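Accompanying notes for the structure given below.
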């Protein structure tokens with residue numbers, strides 16, 4: 001999937017094909033969020049005005065680069081997780097292996113967006129710091145980054161829920177949903193607050 005051009009990727013996403021769907025697109029958006037956060041660090045590093053934060057900026061630069069790559073890998077991770085689920089949907093429901101196969105496939109399919117969710121929450125945390133210590137000339141990109149991460153978090157969450165709702169193991173499903181829902185609420189709010197903090201910083205001249 002990652003060897004596609006941007007145009008090809010969007011054409012595939014717009015088609016009837018199941019991948020890239022919401023999970024893969026959320027991963028790509030999350031990767032773009034991380035890349036913008038990394039750009040803020042690159043535009044802040046080495047500047048005398050922000051010298052006191054240089055060590056921290058370098059640490060954030062390294063982590064945002066890792067997040068960018070990890071979230072790109074999640075595009076393929078999500079697509080691979082869907083393949084066995086698609087096959088399970090085509091199984092005869094009277095097949096004695098159908099229930100177990102479907103359950104295992106649903107759990108695997110929910111793991112990919114959960115991973116995306118976790119990574120995007122970390123992007124939000126780093127953006128919160130960049131909103132404070134990042135170069136004022138680039139801080140608008142931290143705001144853009146955090147809102148992209150916000151969207152990716154919501155996209156990842158709904159792709160968890162679309163799988164957990166069909167699981168027979170309700171204890172597992174509810175535990176995963178509750179954990180993801182908690183992250184959605186916390187980081188959804190934090191992302192919005194971060195965006196507003198950047199707006200305030202830019203308004204202060």
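The values are calculated or read from the model by the stated rules, or taken from the named source; none is laboratory data. All figures in this text were calculated on a predicted structure; none of them were measured in a lab. Every residue, glycine among them, receives a Cβ derived from its backbone with ideal geometry; neighbour counts consider all protein chains shown.
Given the criterion in contact (Cβ under 8 Å) with a residue 40 or more places away in the chain, part of a helix (DSSP H, G or I) and within 19 Å of residue 143 (Cα to Cα), identify the matching residue among 79, 33.
Numbers: 79 fails: within 19 Å of residue 143 (Cα to Cα).
33 is the lone residue from the list that is in contact (Cβ under 8 Å) with a residue 40 or more places away in the chain, part of a helix (DSSP H, G or I) and within 19 Å of residue 143 (Cα to Cα).
Please find, within region 40-49, the residue that is farthest from residue 5 (Cα to Cα) out of those that are touching a residue at least 40 places away in the same chain (Cβ under 8 Å) and either under 22 Å from the mean Cα position of the chain (by Cα) or buried (at least 17 other Cβ atoms within 10 Å of the Cβ) (or both).
Pass one, region 40-49, residues touching a residue at least 40 places away in the same chain (Cβ under 8 Å): 40-41, 43-44, 47, 49.
Narrowing the set further to residues that are either under 22 Å from the mean Cα position of the chain (by Cα) or buried (at least 17 other Cβ atoms within 10 Å of the Cβ) (or both) leaves 40-41, 43-44.
Details: 40: 25, 41: 26, 43: 27, 44: 30 Å.
Ranking the candidates gives 44 first.
A single entry from 56, 52 fulfils the requirement of being out of contact with any strand residue (DSSP E or B) (no Cβ under 6 Å at 6 or more places or on another chain) and in contact (Cβ under 8 Å) with a residue 60 or more places away in the chain: 56. Within region 13-27, restricting attention to residues that are surrounded by 23 or more Cβ atoms within 10 Å (Cβ to Cβ) and either free of Cβ contacts under 8 Å to residues at least 60 places away in the same chain or more than 20 Å from residue 151 (Cα to Cα) (or both), the residue that is farthest from the chain's Cα centre (by Cα) is 20.
With respect to residue 37, is the statement that it is modelled with pLDDT of 95 or more, in contact with a helix residue (DSSP H, G or I) (Cβ under 8 Å, 6 or more places away or on another chain), over 20 Å from residue 21 (Cβ atoms) and crowded, with 20+ Cβ neighbours inside 10 Å true?
Values: modelled with pLDDT of 95 or more: yes; in contact with a helix residue (DSSP H, G or I) (Cβ under 8 Å, 6 or more places away or on another chain): yes; over 20 Å from residue 21 (Cβ atoms): yes; crowded, with 20+ Cβ neighbours inside 10 Å: yes.
Yes: the conditions hold for residue 37.
For region 130-139, residues that are part of a helix (DSSP H, G or I) and buried (at least 18 other Cβ atoms within 10 Å of the Cβ) total 4. Within region 171-182, the set of residues being surrounded by 18 or more Cβ atoms within 10 Å (Cβ to Cβ) and either within 15 Å of the chain's Cα centre (by Cα) or modelled with pLDDT under 95 (or both) comprises just one member, 180.
From 176, 148, 166, 192, which residue is assigned to a helix (DSSP H, G or I), more than 20 Å from residue 35 (Cα to Cα) and in contact with a helix residue (DSSP H, G or I) (Cβ under 8 Å, 6 or more places away or on another chain)? Even if it seems obvious, please write down each step before you answer.
Values: 148 fails: more than 20 Å from residue 35 (Cα to Cα); 166 fails: assigned to a helix (DSSP H, G or I); 192 fails: more than 20 Å from residue 35 (Cα to Cα).
Going through 176, 148, 166, 192 in turn, just one is assigned to a helix (DSSP H, G or I), more than 20 Å from residue 35 (Cα to Cα) and in contact with a helix residue (DSSP H, G or I) (Cβ under 8 Å, 6 or more places away or on another chain): 176.
Scoring residue 84 on the criteria (1) surrounded by fewer than 20 Cβ atoms within 10 Å (Cβ to Cβ); (2) more than 30 Å from residue 98 (Cα to Cα) leaves a single failure, condition (2).
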